[in-house]
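Asks: First the structure, then my questions, so here it is.
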Amino acid sequence: MPGRFMYDDQTIKNVITGQIVKFLTSDTGSDTLEMESLYLPFSIEPPVHYHPYQDEYIKVLEGELTVRMDGEINIYRSGSAIHIKKNTRHSIWNSGFRETIVNWKVDPALETAEFLRTMTQLSNSGETDVQGVPSLHVMVYLLRKYNKIFRLEQPREVTLRMLYLLFSPVFCLKKFRKKFNNPLKQSTN
């Protein structure tokens, strides 16, 4: 696998989760965002989420991928293709013994690359917990900012809206709009 994920401005590595994402298409101006992603063995299952306006297409290139979709868990091995339709509740991780590499397409791209870069930047700068989750007020801000591309199954949207209103003064005081307008551009080893 050496060389497959050369570190450049199109590759990001989350030092907390170990996930590496290489952007194969441009971050902007494309209808579809195509990436390759590496998942470490025994990675942690992320929160169940959904994409209200996007379909995901995943092909397992190496290893195996565990997918929870609409409450059902399946393991997909090398060569498998997975289509996750918009609004489908899911989570994806590697529960196996070997690294997993997938080809991952998101259609339409929207702000997916920016979201992934922002989450990586937070993890790599120590602004998340040991599972890569930022503090509550940061997460509420990001879930509102990126709500066209990423929504958690829990808490519900109405709860997030109320939390957003509650935290609004904090967002202003800490200048979140400025802080989160510059997502990570370079990778970190």
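Each value in this text was obtained by applying a stated rule to the coordinates, not by laboratory testing. Nothing here was measured: the structure is a model prediction, and the numbers come from that model. Note that each Cβ is placed from the backbone with ideal geometry, even for glycine, and that neighbours are counted across all protein chains shown.
Asks: Considering only strands (runs of 3 or more DSSP E) fully contained in the stretch 65-151, which possess at least 1 residues that are in contact (Cβ under 8 Å) with a residue 40 or more places away in the chain?
Replies: Numbers: elements: 72-77, 81-84, 90-93, 100-107.
Passing ranges, in order: 90-93, 100-107.
Asks: Among (1) surrounded by fewer than 18 Cβ atoms within 10 Å (Cβ to Cβ); (2) aromatic (Phe, Trp, Tyr); (3) touching a helix residue (DSSP H, G or I) at 6+ places or on another chain (Cβ under 6 Å), which single condition is residue 141 missing?
Replies: (1)
Asks: Give the number of residues within the stretch 49-64 that are under 21 Å from residue 109 (Cβ atoms) and either assigned to a loop (DSSP other than H, G, I, E, B) or of a type in the set (A, V, I, L, M) (or both). Give the steps one after another, and end with the answer.
Replies: So the first thing to find is which residues in the stretch 49-64 are under 21 Å from residue 109 (Cβ atoms), and the list is 49-59, 61.
Narrowing the set further to residues that are either assigned to a loop (DSSP other than H, G, I, E, B) or of a type in the set (A, V, I, L, M) (or both) leaves 51-54, 58, 61.
Within the stretch 49-64, residues that are under 21 Å from residue 109 (Cβ atoms) and either assigned to a loop (DSSP other than H, G, I, E, B) or of a type in the set (A, V, I, L, M) (or both) number 6.
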